[in-house]
Amino acid sequence: MAFYQPARYQKPVAGALLLALLALPPALAALGHEFYIGFATRLLIFALAASSLNLVLGFGGMFSLGHAAFFGAGAYAAAICMRAGISEALLALPLAMLVAGALALLVGAISLRTRGVYFIMITLAFAQMAYYLFISARAWGGDDGLPLPGRMTLAGLSLGSDSALFYAALGCLALAVVFLGRLAGARFGRTIQAIRENETRMEALGYPVFRYRLVCFALGGALAGLAGALLANLTGLASPNLLQWTQSGTLLVMVIIGGVGYLYGGVVGAVVLLSLEEVLSGFTQHWPIGLGLLLLAIVLFAPRGVAALFGKAGG
Amino acid sequence: MTQLILEQALNGLQFGLMLFLLAAGLTLVFGIMDCINLAHGSLYMVGAYFVAAAAQAADSFWIGLAVGVAGAALLGLLLELSLFRRLYRRDHLAQVLATFALILIANETVRMIWGAQPVMLNAPDALAGPLEIAGFSYPAYRLVIIAFGLAVAGLLYLLVARSRVGMWVRAGAANREMTEALGIDVQRLFTAVFVFGAALCALAGGLLGPLLAVQVGMGESVLILAFVVIIIGGIGSVRGALVGSLIVGTADTLGRALLPTLLRATLPADTASMLGPALASILIYLLMAAILFFRPQGLFPARA
């Protein structure tokens, strides 16, 4: 895999897309399709979650099958903040990121001592532990999850309406993508990608490989926590299902579909997967079969992901 | 108390042996071809449905079990020839995506054919009651499962450790390229291993059917347990899978039965009632993380 390099037309396209998205809620409202604002918000949130996994998997080269733990931890942190009376997003969202990031730091510090398949399995094991802990925590709702008393406020403005939450999610995603793009081009991002390509060499050059990886893993966890906190606001519930291993699998599938190691891989993958679900479920209740067949086709015929079909790998 | 501990220990043994049936196939697929198969749990689910359907049609549990296992083996053969063959040389990401897709397809197909409600599978009437030995009573059907599990484990041991095919399998797990270079057709060997693994999955699913509900999604939770087993035992090692299964089966069953009681004796009641179930359900994952940390290759590594 080559170093990440933005395609030449990437910036104008992203800018145009952002403008179009800004106009989306009024347009949908005018057409009487308000229902789709919630769906679009879900897309944005999962795009953020998948992008955070792409940082770990695509740029860091760490195949984690436990990313849902940080996603879910963010959701629970948001719910607990809200119930404790902290409903200001400028305070609660960073707190959720901090909790998820700290959890990722802990998990990473142990897991990153293993390699390959063993890393996949140990991240999975930690995610399963988190899942069962939340299921058994009766103080936090146990099996049923922890409902939120309402939605957060952002700088005093209520996020109660669906379009307000949509803009908040859009802002978070845009900031995250800009951050990830800058990061990929910066010294840290270059180092991380070089470690992905040749760990031994970077070790020999004197880079603290373990620490670089750990920071990357924790950053990915914190961003996943942000997505989880937003999702809890959207659905009004922090559910233990968010931590299930199938959720980690879904996020992975999004990244792989979108394009591992492409800046927009996570975004493209989340949009493609969730839209396919939405469209297929309109045709038949047995839509997972169609989705599964499509995924198989992607594995066999577009091995580098959808984003790779359009953009170049760079380098 | 002795009755409880003895009963739970037997339950743990029975659970562990069933886990072994699942893990044996998975560890070989993983070990020889370095292929992550998330759909292994789906084979278990589909196998259980096959057995249930066949048992209902034939009105006999044993005929149903035989037909269901044969059906699952056939399905395994088709899957290997059509899909898995193309996946071996691909990276783990492609394998995860493809087998995740298989899970989606399998779950929905089963739901389409048999509906969302669990399907009933009854144990043979002769084995429905408990068996009493020296004042200690235990369900007869569970004893039969234990006997089945021990027999299959023994057979598998002989096959892997004593037969020529078993030697090839072990050689393939230890070093695939070298085995190929020595003229063994690893491709064909792997087809056989995959089919055998699918049959073992169906056997476990069919035997457990009367104890657990045969339902959509039953494969996902057990798949993770099978992965825990093969990581603890060492990837590619059948002996490791057996030891790992017994450790996981007993630790999980005894932990769930005894930990809450033990904690209640030492901790305040409300802390214990919250901590007990949580600790019991994460016990095996803690075990796996500890083993990975101290012995990253598992207890019986296949690759020296």
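Odds and ends about this structure:
- Debye, to nearest 20: dipole size of chain B, +1 on Lys, Arg Cβ, -1 on Asp, Glu Cβ: 700 debye
- Within chain B, helices built from complete DSSP H runs that reach 24 Å or longer along their own axis (Cα positions) and carry a mean Kyte-Doolittle hydropathy of 1.6 or higher are B:61-79, B:140-162, B:186-208, B:269-294.
- Taking 0.36 nm per residue of separation and subtracting the current Cα-Cα distance, fully stretching the chain between A:GLN5 and A:LEU98 would add 30.5 nm.
- Ordering of A:46-52, B:194-200 by packing [mean C-beta count within 10 Å, highest first]: A:46-52, B:194-200
- Potential lengthening of the chain between A:GLU278 and A:LEU105 amounts to 58.8 nm, from the contour at 0.36 nm per residue minus the alpha-carbon distance.
- Each residue, B:GLU177 and A:ARG113, gets one label point 7 Å from its Cα in the Cβ direction; the gap between the two is 3.0 nm.
- Since only A:VAL272, A:ILE192, B:ALA226 are under comparison, the one whose Cα sits farthest along the positive direction of the charge dipole of the protein assembly as shown, derived from C-beta charges on Lys, Arg, Asp and Glu, is A:ILE192.
- Between B:GLN187 and A:ALA302, the FRET efficiency from the beta-carbon distance, with R0 = 25 Å, is close to 0.45.
- Exercise: per-residue mean of other protein chain Cβ atoms within 10 Å, A:133-140: 4
- Highest-first arrangement of A:219-227, A:127-135, B:260-268, B:282-290, where packing means the average Cβ count within 10 Å: A:219-227, A:127-135, B:282-290, B:260-268
- Here the spin labels are modelled as points 7 Å beyond Cα on the Cα-Cβ line, and at B:ALA116 and A:ASN241 they lie 1.1 nm apart.
- Globularity ratio of the stretch A:20-92, using Cα Rg and 2.2 N^0.38 Å: 1.44
- Base-10 log of normalised Debye intensity for the stretch B:116-244 (one unit scatterer per alpha-carbon) at q = 0.18, 0.20 Å⁻¹: -1.12, -1.25
- Debye, to nearest 20: dipole size of the protein assembly as shown, +1 on Lys, Arg Cβ, -1 on Asp, Glu Cβ: 1760 debye
- Each principal axis of the stretch B:2-294 carries a Cα extent, and these read 61, 51, 38 Å when sorted largest first.
- Sparsely packed loop sites in the stretch B:20-107 (the trypsin sites (Lys or Arg not before Pro) outside DSSP H, G, I, E and B with at most 16 other Cβ atoms within 10 Å) comprise B:ARG89, B:ARG90.
- If you take the Cα centroid of the stretch A:208-251 and the Cα centroid of the stretch A:40-101, the two points sit 4 Å apart.
- Between B:ARG90 and A:PHE210, the simple spin-label model (points 7 angstrom out along Cα→Cβ) gives 3.5 nm.
- Using only side-chain charges placed at the Cβ, +1 for Lys and Arg and -1 for Asp and Glu, the dipole size of chain A relative to its Cα centre rounds to 980 debye.
- Global form of the stretch B:88-148, assessed from the alpha-carbon gyration tensor, a/c cut-off 1.5: oblate
- Per residue Cα convex hull volume in Å³ - calculated over chain A: 139 Å³
- Average other protein chain Cβ within 10 Å of Cβ, residues B:35-45: 1
- The Stokes-Einstein estimate for the protein assembly as shown, based on a Kirkwood radius over Cα pairs and taken at 37 °C with 0.692 mPa s viscosity, is a diffusion coefficient of 128 µm²/s.
- Considering only B:PRO260, B:GLY76, B:PHE50, the residue lying farthest towards the positive end of the dipole of chain B is B:GLY76, judged by Cα position with unit charges set on Cβ.
- Partner shielding of A:109-115 amounts to 2, given as the average count of beta-carbon atoms from other chains within 10 Å of each residue beta-carbon.
- When you count the other C-beta atoms within 10 angstrom of each residue and take the mean per peptide, B:8-17, B:204-213 line up highest first as B:204-213, B:8-17.
Computed from the coordinates by the stated procedures, all read-outs in this text should not be read as laboratory data. These figures come from a predicted structure and were not determined experimentally. No Cβ is skipped: glycine too gets one built from the backbone with ideal geometry, and neighbour counts run over all protein chains shown.
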